[in-house]
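The values are calculated or read from the model by the stated rules, or taken from the named source; none is laboratory data. Because the structure is predicted, anything quoted here is derived from the model rather than measured. Positions of Cβ are backbone-derived with ideal geometry, glycine not excepted, and every protein chain shown enters the neighbour counts.
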């Protein structure tokens, strides 16, 4: 009995060691599996992050491309609008000229009939109430001598014929003017009809380009129908009232001569050193803050982009609009501000022009009604859609969900 007990204890000890060893190996394997899981998750994240960043970068690039496309289409629209405005101006000018010529015809016809009546009366008196069969012979004397013509030796008849020279000249001149004016009217009618056809063609082209703009905006993934509905909701009376007010910018050559006069005599037009895009963006934010629509500064930036690409193109338009925010000089005279406090309101200085644009938009309904405000800035529906589409692109690039969407 005593010899068997040690063997039992030996066996139990070996089993204990085996259990301890097995537990140790298992315990050592658990951290390894946890570590492997952590490393796998980290590797997955490191793989996904570049993919997400690449996707965001692609989306931003697509947004910038959409903004550029909308701007390019809008520039074509602006040129088309200018051509329509010019055609309408020519039609109206021809209509006015035709009305004037018709009044002249009426006056000349009356003058012609009066001269004709005077001459006939004097001719009858000269011929002593006789028939007009011999009048041709008497009239020959108007061009030369009437010596030898029977009846001209009568002093009374001779005096009456001499007096009638002026009436005959007036008669002939009135008849000549009347015919010339009638020919002018016929030509003006032809010009007017041609101008009407040109206006219709230009308007058709404008509508086609508006459709292209709508398609570009749709590709931005916006609710363009909502914008159309809001523009249509500008009631006719309100729209008519806005159209009577001074737009900030404009199209065509209507009134351009007057705008040049204002620019030369009544406002400050002084070139300034160019500013960077970052400086423009800072000015947009500051002006938006100052005039009470800070979070919506994207709209002001969109106006600057549409009008001059943030100061890159500041050439005077055919309508006379000038500077980085494309103000008409006559509008600047009323709405220009000295934004930088240098004592002058310079239409060419972005430090003045951008605050002036912000002020004009606020006075026209912003930020409560961007549609109305932008329609006041430029009296064209397509302009409103273009600016709001660019503003929406800027908002998305900034990943700003606190405002918008604008379209």
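Yes/no per residue for (1) assigned to a helix (DSSP H, G or I); (2) under 20 Å from residue 76 (Cα atoms); (3) in contact (Cβ under 8 Å) with a residue 12 or more places away in the chain; (4) touching a helix residue (DSSP H, G or I) at 6+ places or on another chain (Cβ under 7 Å):
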| residue | (1), (2), (3), (4) |
| --- | --- |
| 357 | yes, no, yes, yes |
| 379 | no, yes, yes, yes |
| 387 | yes, yes, yes, yes |
| 390 | yes, yes, yes, yes |
(request) Write out, first by first residue and then by second, each pair whose Cβ atoms fall under 7 Å of each other, whose residues are 6+ apart or on separate chains, and whose first residue, in segment 56-68, is assigned to a helix (DSSP H, G or I) while the second is surrounded by 12 or more Cβ atoms within 10 Å (Cβ to Cβ) and at pLDDT below 75. (result) 66/219; 66/220
(request) Identify the single condition in (1) under 16 Å from the mean Cα position of the chain (by Cα); (2) at pLDDT 90 or above that residue 379 does not satisfy, given that it satisfies every other one. (result) (2)
